[in-house]
Amino acid sequence: MPADLALDALRTSAALGDASHVACVRVAGAGAFATIDRLCPRELFLRDGQLLHTLLLREDGRPLADVYVCADDRAFLLLAEGLSGDALVEHVRATAPVGADVEITNVSRTHAVLSLDGPYAWEVFAELAGPEVIGQPYMTFFHDDAVTTFRVGKTGEYGYYFLVPGEDADDYRAALRDRGSAFDLATANLDALDQCALENWFFNIRREGREDLTPIELQLQWRVSYRKEYVGSSALAALRGRTTHRIVQCAGATELAAGDLVTYGERTIGRVINAGFSQCRGDWVGVALLESAYSHAGIAAYAAVHAEVPVAIRTLTAPAVNNRSLYVNPQLHSYLTRDEVQFPPLVLPGSSCASPTAR
Amino acid sequence: MDADLATIVAAREQVLERLRATLIKQLRLERAPDELDPDMPLFGSGLGLDSLDAVEIAVSLEIEFGIHIAEGGASPVHLRTLNTLATLILDGGAVRAR
């Protein structure tokens with residue numbers, strides 16, 4: 001399989017992406033907090049400039065969108081995957097408290113979202129915006145002129161979203177590319193970003209999010225609360241304690257695909273719901289929905305039946321990648337001197353499915 | 001489920017149960033044990049723990065499990081989720097407490 005330059009860059013340098021799959025909506029007005037609080041399944045404790053990673057749920061408690069809620073003065077920005085900007089506006093409007101004084105704006109109509117990810121993404125951005133941006137904490141954002149910068153990401157590496165006026169997007173992209181040339185900046189498409197998300201155990205609304213699973217089955221209870229009322233809260237409370245399946249990360253030496261049944265001996269215990277080839281690991285990484293009793297890390301006793309052929313798989317202790325961003329320190333390191341530093345391997349010893357001691 | 005697999009599963013479930021109880025108590029989390037999924041991120045966007053919490057976790061692991069990670073004995077990768085902690089414990093820890 002030929003090497004994908006973007007996947008390599010996302011794990012070792014930086015890659016610029018078009019995040020048009022991310023919708024942005026602004027909710028302002030006196031009723032903004034009440035409106036967002038009714039939609040947000042987590043307690044809405046946010047200071048200005050902070051983000052909260054959560055979900056929007058349907059009334060049946062299943063995820064509708066993967067969302068960052070951003071507190072922007074007295075307004076809120078929603079960065080959402082899984083809904084278009086127009087659909088998100090309609091959802092907010094339809095679920096707002098009766099009579100709420102809110103102004104809902106589809107920012108996606110006027111702005112583009114760009115993404116920048118990788119262990120040295122911070123250095124590329126600092127070349128453009130100045131060294132003061134290096135210290136921007138994770139899950140925060142700031143406005144600078146017309147561009148809003150969010151310190152987020154779903155690759156397990158340093159990451160940013162840039163919300164840029166549509167007419168300026170090409171220039172901003174070109175400026176990042178220009179500064180990024182010294183850092184081997186690549187261009188990442190959505191497939192590459194999704195593969196990194198898969199390896200790093202980030203929920204993907206376009207893949208496992210289409211399986212009609214609950215936050216309990218998806219191990220996303222950290223994104224919800226059982227102590228407040230919101231859209232979907234009643235259904236979710238009713239599901240609590242009654243769930244029979246749970247997802248687990250897995251890997252196999254040969255191809256895995258969504259829909260492959262997972263077996264233990266003669267017994268079918270679940271199925272693969274997302275999978276892809278991991279270039280940095282050299283094996284196939286997947287998400288499997290298994291009966292809860294079998295859904296644990298560190299097991300090498302299962303098989304995935306791909307094209308009618310059983311393939312041995314191992315369940316993993318997620319995430320599947322030992323991200324370089326865990327070890328790159330912007331105060332100490334630079335991409336330009338990366339060869340002077342010996343970083344731990346991207347794949348922990350024994351993690352590859354080819355190893356008999358995988359965990 | 002055969003005996004070997006049942007033993008592996010039981011060992012991990014026991015460690016996870018103890019970890020949940022330890023974290024809820026030591027970090028005063030307003031969460032029930034069943035809300036703490038095994039692969040939930042502990043830091044950043046997940047539970048939102050910080051560096052002080054990391055020290056608390058390290059001390060708790062030493063007391064509860066005899067695992068010494070407070071002084072660089074384990075890489076950041078071990079502190080990512082309950083399951084990464086559980087794997088560290090089940091593997092015997094990076095450095096056993098003296």
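Residues of segment A:136-151 being surrounded by 12 or more Cβ atoms within 10 Å (Cβ to Cβ) and within 14 Å of another protein chain (Cβ to nearest Cβ), which ones? Working first, answer last.
To start, the set of residues in segment A:136-151 that are surrounded by 12 or more Cβ atoms within 10 Å (Cβ to Cβ) comprises A:136, A:138-143, A:146-151.
Those that are surrounded by 12 or more Cβ atoms within 10 Å (Cβ to Cβ) and within 14 Å of another protein chain (Cβ to nearest Cβ): A:136, A:138, A:139, A:140, A:141, A:150, A:151.
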Number of positions in segment A:216-233 that are within 12 Å of chain B (Cβ to nearest Cβ) and on the phi > 0 side of the Ramachandran plot: 1
Which condition number in (1) more than 26 Å from residue B:12 (Cα to Cα); (2) more than 12 Å from chain B (Cβ to nearest Cβ) is the one that residue A:236 fails? (2)
Being within 17 Å of residue A:316 (Cα to Cα) and in contact with a Cys (Cβ under 8 Å, 6 or more places away or on another chain) is true for just one of A:275, A:197, A:251. Which residue is that? A:251
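Inside segment A:15-39, can you point out the residues that are assigned to a helix (DSSP H, G or I) and touching a residue at least 60 places away in the same chain (Cβ under 8 Å)? Full working, then the answer.
Within segment A:15-39, the subset assigned to a helix (DSSP H, G or I) is A:32-39.
Answer for segment A:15-39, where residues must be assigned to a helix (DSSP H, G or I) and touching a residue at least 60 places away in the same chain (Cβ under 8 Å): A:32, A:34, A:35, A:37, A:38, A:39.
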Scan segment A:241-264 for residues that are surrounded by fewer than 18 Cβ atoms within 10 Å (Cβ to Cβ), assigned to a loop (DSSP other than H, G, I, E, B) and touching a residue at least 12 places away in the same chain (Cβ under 8 Å) and jot them down. A:243, A:244, A:253, A:254, A:255, A:257, A:258, A:259
What is the number of the single condition among (1) touching a strand residue (DSSP E or B) at 6+ places or on another chain (Cβ under 8 Å); (2) more than 11 Å from chain A (Cβ to nearest Cβ); (3) not polar (S, T, N, Q) that residue B:20 does not meet? (1)
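Tell me the residue from A:47, A:58, A:42 that is touching a strand residue (DSSP E or B) at 6+ places or on another chain (Cβ under 7 Å) and without any contact (Cβ under 8 Å) to a residue 60 or more places away in the chain, please.
Residue meeting the stated conditions: A:47.
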Within segment A:287-310, of all residues that are surrounded by 20 or more Cβ atoms within 10 Å (Cβ to Cβ) and either within 20 Å of residue A:347 (Cβ to Cβ) or among the aliphatic types (A, V, I, L, M) (or both), the one farthest from the other protein chains (Cβ to nearest Cβ) is A:304
How about segment A:196-240: which of its residues are in a loop (DSSP other than H, G, I, E, B) and among the polar types (S, T, N, Q)? A:200, A:204, A:214, A:219, A:225
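With at pLDDT 85 or above and more than 12 Å from every other protein chain (Cβ to nearest Cβ) as the only criterion, which of B:82, B:52, B:42, B:36 stands out?
On the way: B:82 fails: more than 12 Å from every other protein chain (Cβ to nearest Cβ); B:42 fails: more than 12 Å from every other protein chain (Cβ to nearest Cβ); B:36 fails: more than 12 Å from every other protein chain (Cβ to nearest Cβ).
Checking each option against the conditions leaves just B:52.
For every residue, the table says whether it meets (1) within 17 Å of the chain's Cα centre (by Cα); (2) over 25 Å from residue A:274 (Cα atoms); (3) among the hydroxyl-bearing types (Ser, Thr, Tyr).
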residue	(1), (2), (3)
A:180	no, yes, no
A:191	yes, no, no
A:201	yes, no, no
A:259	no, no, no
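Hey, does segment A:331-342 have a residue that's over 30 Å from residue A:124 (Cα atoms), out of contact with any Phe, Trp or Tyr (no Cβ under 9 Å at 6 or more places or on another chain), of a type outside the set (D, E, K, R) and within 14 Å of another protein chain (Cβ to nearest Cβ)?
Of segment A:331-342, the ones over 30 Å from residue A:124 (Cα atoms) are none.
No, because not a single residue in segment A:331-342 is over 30 Å from residue A:124 (Cα atoms), out of contact with any Phe, Trp or Tyr (no Cβ under 9 Å at 6 or more places or on another chain), of a type outside the set (D, E, K, R) and within 14 Å of another protein chain (Cβ to nearest Cβ).
The values are calculated or read from the model by the stated rules, or taken from the named source; none is laboratory data. What you see is a predicted model; the values in this text were computed from it and never measured. Cβ: placed from backbone, ideal geometry, glycine included. Neighbour counts: every protein chain shown.
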